[in-house]
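Asks: Below you will find the structure I want to go over with you.
The values are calculated or read from the model by the stated rules, or taken from the named source; none is laboratory data. This is a predicted model, so every value here is computed, not measured. Please note: Cβ atoms are built from the backbone with ideal geometry, for glycine as well, and neighbour counts cover all protein chains shown.
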Amino acid sequence: MPLLLCLLVPGVLALGACGKGGGPGAEGAQAEARAPEAVPVEVAAVARRPISASFTGTAALEARGESQVVAKTSGVALEVYAEEGQYVHAGQVLVKLDSARAQLQAAQTAAQVRKLEANFARAQTLHEQNLISANDFDQLKFDLANARAANRLSNLEVSYASVRAPISGVVAQRSIKPGNFVQINTPIIRIVDTGELEATLNVPEREIASLKPGMQVQLQVDALPGRKFDGRIDRIAPVVDAGSGTFRVITAFANDGVLQPGMFGRFRIEHDQRTDALVMPRTALLEDEGEAAVYAVREGKAVRIPVTLGYMDGQWVEVTKGLKAGERVVTAGKVALREGSPVQVVGGPAMVEADRQVAGNNESPGAVTPAANSAR
């Protein structure tokens, strides 16, 4: 028995060593399996380019001048000279009303005036000869003045039968036809002056020191895609609404007939420009609350970096603190990242080389391009 045990013990020990199957290669494979996988991301290089400070907003266009044409007297419309869409001038006759009754009253008052004028002329001669009392003479004078006023009123009623345009513009609406009876003070035609259009923007109070009358305004309307129109800030109401925290900016646009009141427009007002600003794509900003931050790629890992922002211009945002020219920031894939997460830049070495070229062109303004452009 002792001899058998001596023979079995070395064999058992050898089998135990083989069962562990250790070795350097196995330990390395296990460590690699435990390492986190690299997160695929798209990046862009921070670079220098011009950037503008601007305000953008939306509003509907309005006619600068608009008038409701009303009838100042009652009567039947004998003629209607205005059609919708027609351009009319101030003072132009738009509607002719029946004025027969008013003309008869004007003729009666005119005859009364002529009669009193003759009586007053004879009374003047008698008054000079002291053959008429002062009281009778004054009564004739007052009667003549009253008759003349009545005649002017009758003539005014006759003139009201010709309904005229109070302003020049385009007939936007006509609610009368020949033969209709028109009541006094009834709106019958609407005229809008489309020669110059306005739009009122509600601007945040932080812009109150930046915007001034006369600044250029760029307009795009949904109804005319691809076209841009230039205007100006016409006037500013520098009173901030306590409820909304905004103030009113009225913009004006000369119109050649293309723009129409009621069109919905998108407005842009540039009030400052920097020719050599450090910028990055706006998509690099993290969307969580708190201070502005981005993920930068350093040594193959994601590093969260707080940044201080300046102007925002479309897809670009200025960085005044936190980043340097040439650094790469993550623009897509940010949601899956954490501090220190290993990353894989989509596109491989070619993408890295593109970033280097962008960083090397920082001396020429306008060289910012997204470094990642892979198919999603």
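Asks: Can you pull out the residues in the stretch 275-294 that are small (Gly, Ala, Ser) and under 28 Å from the mean Cα position of the chain (by Cα)?
Replies: Listed by number, the residues that qualify are Ala277, Ala284, Ala292.
Asks: Go through the stretch 270-302 and count every residue that is within 22 Å of Ser54 (Cβ to Cβ) and among the basic types (Lys, Arg).
Replies: 2
Yes or no, residue by residue, for (1) among the charged types (D, E, K, R); (2) touching a residue at least 12 places away in the same chain (Cβ under 8 Å); (3) within 30 Å of Gly214 (Cβ to Cβ):
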residue: Arg266; (1), (2), (3): yes, yes, yes
residue: Glu270; (1), (2), (3): yes, yes, yes
residue: Ala277; (1), (2), (3): no, yes, yes
residue: Met280; (1), (2), (3): no, yes, no
residue: Thr283; (1), (2), (3): no, yes, no
residue: Gly290; (1), (2), (3): no, no, no
residue: Val294; (1), (2), (3): no, yes, no
residue: Val297; (1), (2), (3): no, yes, no
residue: Val307; (1), (2), (3): no, yes, no
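Asks: I would also like to ask the following. Can you find, within the stretch 78-94, the residue that is farthest from Ser159 (Cα to Cα) among those that are surrounded by fewer than 11 Cβ atoms within 10 Å (Cβ to Cβ) and out of contact with any strand residue (DSSP E or B) (no Cβ under 6 Å at 6 or more places or on another chain)?
Replies: Here the residue is Gly85.
Asks: Sticking with this structure for a sec: Quick one: Ala60 ticks every box in (1) surrounded by fewer than 18 Cβ atoms within 10 Å (Cβ to Cβ); (2) in contact (Cβ under 8 Å) with a residue 40 or more places away in the chain; (3) not assigned by TED's automatic domain parsing to the domain that holds Phe229 except a single one, so which number is it?
Replies: (3)
Asks: Can I ask one more? Any residue in the stretch 164-178 that is modelled with pLDDT under 95 and under 25 Å from Ile236 (Cα atoms)?
Replies: Scanning the stretch 164-178 turns up no residue that is modelled with pLDDT under 95 and under 25 Å from Ile236 (Cα atoms).
Asks: State all residues of the stretch 302-337 that are in contact with a Pro (Cβ under 7 Å, 6 or more places away or on another chain) and buried (at least 17 other Cβ atoms within 10 Å of the Cβ); if no residue qualifies, say none.
Replies: Across the stretch 302-337, the qualifying residues are Trp316, Gly322, Thr331, Gly333.
Asks: Oh, and also: Report yes if Lys334 is out of contact with any helix residue (DSSP H, G or I) (no Cβ under 9 Å at 6 or more places or on another chain), at pLDDT below 90, of a type in the set (D, E, K, R) and assigned by TED's automatic domain parsing to the domain that holds Tyr295, otherwise no.
Replies: When the stated conditions are applied, Lys334 does not pass them.
For (1) small (Gly, Ala, Ser); (2) free of Cβ contacts under 8 Å to residues at least 12 places away in the same chain, each residue gets a yes or a no:
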position	(1), (2)
Ala100	yes, yes
Ala110	yes, no
Phe137	no, no
Arg152	no, yes
Asn155	no, no
Ala165	yes, no
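Asks: Give Gly22, Gly91, Gly57 a once-over and let me know the one that is part of a loop (DSSP other than H, G, I, E, B), modelled with pLDDT of 85 or more and among the small types (Gly, Ala, Ser).
Replies: Among Gly22, Gly91, Gly57, only Gly91 is part of a loop (DSSP other than H, G, I, E, B), modelled with pLDDT of 85 or more and among the small types (Gly, Ala, Ser).
Asks: Being surrounded by fewer than 19 Cβ atoms within 10 Å (Cβ to Cβ) and part of a strand (DSSP E or B) is the filter here, so list the residues in the stretch 175-192 that pass it.
Replies: If the condition is that a residue be surrounded by fewer than 19 Cβ atoms within 10 Å (Cβ to Cβ) and part of a strand (DSSP E or B), then Phe181, Pro187, Arg190 are the ones that fit.
Asks: Taking the options Leu201, Leu211, name whichever one is surrounded by 15 or more Cβ atoms within 10 Å (Cβ to Cβ), in contact (Cβ under 8 Å) with a residue 24 or more places away in the chain and part of a loop (DSSP other than H, G, I, E, B).
Replies: Within the list Leu201, Leu211, the selection yields Leu211.
Asks: If you take the residues of the stretch 155-174 that are within 38 Å of the chain's Cα centre (by Cα) and of a type in the set (A, V, I, L, M), which of them is surrounded by the fewest Cβ atoms within 10 Å (Cβ to Cβ)?
Replies: Here the residue is Ile167.
Asks: What about Val217, is it within 30 Å of Gln344 (Cα to Cα) and touching a residue at least 12 places away in the same chain (Cβ under 8 Å)?
Replies: For Val217, the condition - within 30 Å of Gln344 (Cα to Cα) and touching a residue at least 12 places away in the same chain (Cβ under 8 Å) - is not met.
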